[in-house]
Amino acid sequence: MLLLAVETSCDDSAVAVLDENGTALAELVSTQMVHGEHGGVVPEIASRLHMKILPELIREVLDKSGTSLDDIDIFAATAGPGLTGSLLVGLSWTKAVAFARGKPFLGINHLSAHLHIHHSSVVEFPAVALLVSGGHTMIFHMPSWNECILLGTTRDDAAGEAFDKTAKLMGLGYPGGRLIDQLAENGNPSAVRLPSPLGNKRVPEFSFSGLKTAVRLIWEAGDVSCEDLSASFRKTVCNLLVSKTVYQAGKLGAKSILVAGGVSANSLLRISFKSECDKRGMKLFLPPIEHTMDNAVMVGRAALSALKIDPEAHSPSSCNTFARWHGEKLSPLSC
Ligand code: KG4
Ligand code: ZN
């Protein structure tokens, strides 16, 4: 069985061909660099570029995997949450091809997809998962792959957004999370005292906007280097993310911690989770760096997870995009 997965929720066009075990025969991600000039993603430009890039990307991935559309048994695409114009391109293309060929189509939830990057690993349940990206910061309780219960989220900015805004403040460019991470390696994490909003580890919620303001005031006072501010900021954010996730894992008797999303590429976050999990005898699942960011392999694995629960699973032809996810239980199939 072969599955073609498509992801276009923001500014990355991504396509993958997977087998029934979730192994990628081929995958490609095309990142739209143009948004850096604008200091953030411009939705209209993003959707138009998906229109331009996607057909060629699909052809390349099929060639790379040695398959053709005739070989594909199941089609899956991200339905949301994300930018509506961007989502519409991938969802409409994939749905149209599936229906034209009489093959099942699955509309996938992007948040669930991020967590499902770990679906091909042997995860021991119960687990606690942290999804930490440019748009989301959420902790979930996962008694199994079939159940994913939201424990808490951010009250304002996402962690990745806080990284990006801090980088912008220091004139580092967009997206800035990786740049701050690199600068922090040469800085003193104790150089600046920053607040830890909602710092009580027992509260599974986050707030990063006060931290962002504190960083701005310190930067504007002009008495700190980029390296030291980056290191202090990174340490503060990582402490919040790790302490709250690990606390929930302990409280719920989790055997594993799953981390996913763009910020899970952060080097301090990865080291801190590893040392905390080692101390507690918990298994830690971190995505390989190339699968921390948006990709289509995670979309394909989420589709396979939905098919494992129900082999007949599919989305109706009316399956539509959605910009935001408001819920308590996260499922791979969005409609
Ligand atoms: O998951 P993702 O590709 O897109 C969303 O769904 O949001 O995440 C992108 C986010 C950006 O905010 C980016 O700055 C952040 O991930 N990011 C990092 C690092 N690499 C990417 N943040 C901190 N440290 C990194 N090394
Ligand atoms: Zn994402």
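Bear in mind these aren't lab numbers, they're just calculated from the coordinates by the rules spelled out. From a predicted model like this one, the values you see are computed outputs, not experimental measurements. Note that we place each Cβ from the backbone using ideal geometry, even for glycine, and neighbour counts take in every protein chain shown.
Structural remarks
- Look at Met170, Met33 and count the other Cβ atoms within 10 Å of each Cβ; fewest to most, that gives Met33, Met170.
- Rough spin-label spacing in nm, given labels placed 7 Å along Cα→Cβ, for Ile149 and Ala313: 2.0
- Prolate/oblate/rounded call for the stretch 1-147, Cα gyration tensor, a/c under 1.5 rounded: oblate
- Beta bridges by DSSP in the chain, antiparallel share as percent, to the nearest 5: 60
- Using the Cβ of Ser86 as centre and a radius below 11 Å, the other residues enclosed give a net charge of -4, where K and R count +1 and D and E count -1.
- Contour minus Cα-Cα distance for Ser121 and Glu328 (0.36 nm per residue): 72.0 nm
- Pairs beyond 27 Å (Cα-Cα), from Lys274/Lys308; Lys52/Lys308; Lys212/Lys329; Lys201/Lys279; Lys165/Lys244; Lys103/Lys283: Lys274/Lys308; Lys52/Lys308; Lys212/Lys329; Lys103/Lys283
- Charge tally around Leu194: other residues with Cβ under 13 Å, Lys/Arg +1 each, Asp/Glu -1 each, net +4.
- Taking label positions 7 Å along the Cα-Cβ direction at both Glu220 and Ala26, the computed distance is 5.2 nm, reported to one decimal.
- The stretch 222-265-the stretch 11-90 distance, computed between alpha-carbon centres (Å): 29
- Our summary gives the stretch 124-289 a relative contact order of 28 percent, counting only alpha carbon pairs under 8 angstrom and 6 or more residues apart.
- Rounded if a/c under 1.5, otherwise prolate or oblate - the stretch 31-83, Cα gyration tensor axes: prolate
- Length available on full extension from Asp70 to Asn200: 0.36 nm per residue minus the Cα-Cα distance, which gives 41.4 nm.
- Applying a 4.7 Å Cβ-Cβ cutoff to the chain leaves Cys10, Cys148, Cys226, Cys238, Cys277 as cysteine residues with no disulfide-compatible partner.
- Whether the stretch 101-141 is rounded, prolate or oblate, judged on the alpha carbon gyration tensor where a/c under 1.5 counts as rounded: oblate
- Neighbour-count ranking [beta-carbon atoms within 10 angstrom, fewest first] of Arg270, Arg216, Arg193: Arg193, Arg216, Arg270
- The stretch between Thr213 and Asp156 holds 19.3 nm of extra length on full extension. This uses 0.36 nm per residue minus the Cα-Cα distance.
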